[in-house]
Amino acid sequence: MIFCVCPSLGMRTEDPWYDALASGWGDQDAPPAAPHSADRRGKSGELRDAHAAVYLTVQRSAAFQQVRRRYRRFVLPATAAFLVWYLAYVVTATVAPDLMARPVVGVFNVAMAAGLAQFASTFLLTWAYVRHARLRRDKLALELRWETQDMARVRTAGGGRSAAQASHDAQASAASSAGPAVSRDGGSRNSPRAGARTNAPAARTAWEGTP
Amino acid sequence: MSGDHQTLTLLLFSAVIAVTLGITSWASRRRHGSPEEFYAGGRLFSPMENGFAIAGDYMSAASFLGISGLIALFGYDGMLYAVGFLVAWLVVLFLVAELVRNCGRFTLADVVTARMRERPVRIASGISSVTVSVLYLVAQMVGAGSLVALLLGGESGQARSWTVIGVGALMVVYVSCGGMRATTWIQIVKAVLLLGGALTLTVLVLMRFGGDLGALLNSAAERSGHGRDFLAPGLRYGGEWTHRLDFISLGLALVLGTAGLPHILSRFYTVPTARAARRSVVWSIGLIGVFYLMTIVLGFGAAALLGSNAVRESDPAGNTAVPLLSLELGGGAHSTGGPVLFAVVAAVAFATILAVVAGITLASSASVAHDLYASFSRRGGRAGGGGLSEVGVARIAAVGVGVAAIGLGLLAQQLNVAFLVGLAFAVAAAANLPVLLYALFWRRFTTRGAVWSVYGGLVPAIALVVLSPVVSGAPGALFPELDFAVFPLENPGVVAIPLGFLAGWLGTVTSREEADDAKHAEAEVRSLTGAGAV
């Protein structure tokens, strides 16, 4: 997988999200046609429990709840708003064409204005969503990603350990991570935590030098 | 239409074929035979590349020629399509793109089965994905046949048949030899060509009117024969209540269907991360939005410069409005510029068709090989019990899908299949979107809910179309001599989409199976953070 599709157009290697790729799916999942559990189930229930514990712990962590809340608080009202606005437009156009035919300026009528406003609102909402995701979600989500994968790796490394213990570790780790990750949002966005950053060293070096 | 002009058109068509085959052979030389490579092009496209490819996948000849033709004939009502096709992308951006990228691998079924018993769900969503793809593919093939026949000036049935066979053969070659990598580059090249062509024509139209949109609209209204009514809704979807309700149904299907189209969903797996998927959707919204704005100008421009009647005489459905407009903008049929511009636009339309059918063929071969074949043949172990790799099966599936599409395309070529595109969107919205949204957002969602919601959307959508006036009981129907049309609408969206959501809810609340909290936690964490993503 380490080859570039189009060097001429340039991958943006300074983007931290591109590091993420190398943290393979391969190390925790079955081969292509047997996705997810099939393989794991056969091997050991313990491992699977530990794996589940990691995700349950992360899901309950404050940092994750924060990411989810922020995502849903933007997306659900915005979706409702544009769907209502679009349906209102279509229904008005089909049910009340006379209203839509009223002139606004010169030859431009309400229908034209509403149609162009649909284009404008689509572009505007796109911009707002991207901005919201970039400023309010991306950093937190990326940190959670490294943490989760780290916990999962600890789980595989300690293969024989009991699920309970892995779960305990996971809880401790999530607890420690939730604090700073949440407080960061409050304004102090300096000092990226060493823990989150050193998670995928192999991955990162593999990427260095790719165009 | 002179012989020279036909020669030039054929020359440009050959150039398009040569370039696309060149891309295919270039891409196939670098192939590794892995599913990652075949279905997802190695997952290393940049957001901009993928954004162009998404736009190239989505902007079909139906939108380039069809929407501007509708505007040239019916004025404002054609514009409603353009709005629906664009607004749909907000659903994709907000609810689908990033989450699907984070927790899926190659197909829609991958996202859903992450949480539940795999086999029944995979089979159900495989069936619905293949259904959507085949409906869309047949519509595109038939459209290609009549379009190329029109553009080349030959109305003969043979030209149409050979076009359908030729387009089918080309798309099979692209997909089975080049996989996702070839398909993506073909779509990128096509998107650039299409946007370039549309931009050139738009600038020429605006120059004719000195950049004055008001003057453009005024003369469009004048020459349409409808006066000011041309600039307001109601010319096409006015009148009877069933027509109006039909349009609302279509509007609903357009806006919700895009997020369930398998060939669109599979495009998000070609970029490395969810954030890259988001950025590629932003690129594609920009490109598609600008494209539809230009389409609107071209449609009104055709009405203003040619008059609606001239457009209708050439093709009652209006599909030749833009080619005729290009002839006019270039200086008329007897100048040098006119035929050249006409030939260029025809070649762009041809490239558009090829790129779109390739994308759909790839998505349906992925559904057949990765979902259906894997579910039916596997009992533990790697893909494909019979010694065939999954990618081998996918390549064969592409041939099978191609043959089926050619066959159906040939059978349907004398029929009016314009409703098939609307139907494909309606099935995608009724069968694919509910299961996807439930799986991503509803904690309690169960296996039974997933299976019910797929079939609960798919079966009513198909059944309602069979019972609708497009199949029987109307002059333009598939079987005009029979009459079993009990459902009055041509598009089943307004009934089938709520049924799909309802069935998913009902299946979930009636199932005895408890939702697996651990699996839900995993799916949710992965979808929002990207942990463990491929």
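The values are calculated or read from the model by the stated rules, or taken from the named source; none is laboratory data. Every value quoted in this text rests on a predicted model; they were computed, and no experiment measured them. Virtual Cβ from ideal backbone geometry, glycine too; neighbours counted across all protein chains shown. Note: accessible area is taken over every heavy atom of the protein model, side chains too, but ligands, DNA and RNA are not part of it. Shrake-Rupley method; radii C 1.70, N 1.55, O 1.52, S 1.80 Å.
When you check residue B:54 against the structure, is it out of contact with any strand residue (DSSP E or B) (no Cβ under 6 Å at 6 or more places or on another chain), surrounded by fewer than 24 Cβ atoms within 10 Å (Cβ to Cβ) and under 28 Å from residue B:274 (Cβ atoms), yes or no? No: the conditions fail for residue B:54. Within the range B:511-526, the set of residues being more than 7 Å from every other protein chain (Cβ to nearest Cβ), of a type in the set (A, V, I, L, M) and open to solvent by less than 20 Å² (accessible area, probe 1.4 Å) comprises B:523 only. Each residue in the range B:257-287 was checked for being within 13 Å of the chain's Cα centre (by Cα) and facing chain A (nearest Cβ under 10 Å), and 0 pass. Among helices (runs of 4 or more DSSP H) entirely within the range B:35-112, having at least 3 residues that are more than 30 Å from residue A:109 (Cα to Cα) and touching a helix residue (DSSP H, G or I) at 6+ places or on another chain (Cβ under 7 Å) singles out B:35-40, B:47-58, B:97-103. Among the residues making up the range B:480-505, those that are away from chain A (no Cβ under 13 Å) and in contact (Cβ under 8 Å) with a residue 24 or more places away in the chain are B:488, B:490, B:492, B:495, B:496, B:499, B:500, B:501, B:502, B:503, B:504, B:505. Residues in the range B:108-127 that are in contact with a Phe, Trp or Tyr (Cβ under 8 Å, 6 or more places away or on another chain) and of a type outside the set (A, V, I, L, M, F, W, C): B:115 alone. State which residue is modelled with the lowest pLDDT when the search covers only the range A:123-136 and only residues that are touching a helix residue (DSSP H, G or I) at 6+ places or on another chain (Cβ under 8 Å) and more than 8 Å from chain B (Cβ to nearest Cβ). Of everything passing the filter in the range A:123-136, A:136 is modelled with the lowest pLDDT.
Restricting attention to the range B:183-200, the residues that are under 18 Å from the mean Cα position of the chain (by Cα), open to solvent by less than 10 Å² (accessible area, probe 1.4 Å) and not basic (Lys, Arg) add up to 6.
Identify, from the list A:96, A:62, A:81, the residue that is more than 30 Å from residue B:519 (Cβ to Cβ), out of contact with any Leu (no Cβ under 7 Å at 6 or more places or on another chain) and open to solvent by 50 Å² or more (accessible area, probe 1.4 Å).
Numbers: A:96 fails: open to solvent by 50 Å² or more (accessible area, probe 1.4 Å); A:62 fails: more than 30 Å from residue B:519 (Cβ to Cβ).
Being more than 30 Å from residue B:519 (Cβ to Cβ), out of contact with any Leu (no Cβ under 7 Å at 6 or more places or on another chain) and open to solvent by 50 Å² or more (accessible area, probe 1.4 Å) holds for just one of A:96, A:62, A:81, which is A:81.
Quick one: how many residues across the range B:239-248 are within 10 Å of another protein chain (Cβ to nearest Cβ) and in contact (Cβ under 8 Å) with a residue 12 or more places away in the chain?
If we filter the range B:239-248 for residues that are within 10 Å of another protein chain (Cβ to nearest Cβ), which is where we start, we get B:241, B:243-248.
Checking which are in contact (Cβ under 8 Å) with a residue 12 or more places away in the chain leaves us with B:245-248.
Going through the range B:239-248 one residue at a time, the tally reaches 4.
Can you tell me which residues in the range A:101-117 are open to solvent by less than 40 Å² (accessible area, probe 1.4 Å) and at pLDDT below 90? Scanning the range A:101-117 gives a single hit, A:107. Name the residue that is nearest to residue B:254 (Cα to Cα), counting only residues in the range A:84-93 that are open to solvent by 50 Å² or more (accessible area, probe 1.4 Å) and facing another protein chain (nearest Cβ under 8 Å). Among those that are open to solvent by 50 Å² or more (accessible area, probe 1.4 Å) and facing another protein chain (nearest Cβ under 8 Å), it is A:87.
Evaluation of residue A:5 against the conditions (1) at pLDDT below 75; (2) more than 7 Å from chain B (Cβ to nearest Cβ) shows that the sole unmet condition is (2).
Checking the condition within 14 Å of chain A (Cβ to nearest Cβ) and either closer than 22 Å to residue B:96 by Cα or open to solvent by 30 Å² or more (accessible area, probe 1.4 Å) (or both), which residue from B:508, B:529 passes? Break it down into steps so the answer makes sense when it comes.
Working: B:508 fails: within 14 Å of chain A (Cβ to nearest Cβ).
Being within 14 Å of chain A (Cβ to nearest Cβ) and either closer than 22 Å to residue B:96 by Cα or open to solvent by 30 Å² or more (accessible area, probe 1.4 Å) (or both) holds for just one of B:508, B:529, which is B:529.
May I ask you to verify whether residue B:137 is on the phi < 0 side of the Ramachandran plot, buried (at least 24 other Cβ atoms within 10 Å of the Cβ), at pLDDT 95 or above and assigned to a helix (DSSP H, G or I)? No: the conditions fail for residue B:137.
Where in the range B:235-324 are there helices (runs of 4 or more DSSP H), lying fully within it, with 1 or more residues that are open to solvent by less than 10 Å² (accessible area, probe 1.4 Å) and under 24 Å from residue B:526 (Cβ atoms)? Before you say what the answer is, go through the steps one by one.
Working: elements: B:241-257, B:262-265, B:274-306, B:308-314.
Result: B:262-265, B:274-306.
Identify, by number, the condition in (1) open to solvent by 10 Å² or more (accessible area, probe 1.4 Å); (2) within 30 Å of residue B:440 (Cβ to Cβ); (3) in contact with a Gly (Cβ under 9 Å, 6 or more places away or on another chain) that residue B:85 doesn't meet. Answer for residue B:85: the failing condition is (3).
If a residue has to be over 18 Å from residue B:69 (Cβ atoms) and open to solvent by 10 Å² or more (accessible area, probe 1.4 Å) to count, how many in the range B:325-343 make the cut? Walk me through how you get there before you give the answer.
Pass one, the range B:325-343, residues over 18 Å from residue B:69 (Cβ atoms): B:330-340, B:343.
Cutting the leftovers down to open to solvent by 10 Å² or more (accessible area, probe 1.4 Å) gives us B:330-337, B:339-340.
Count: 10.
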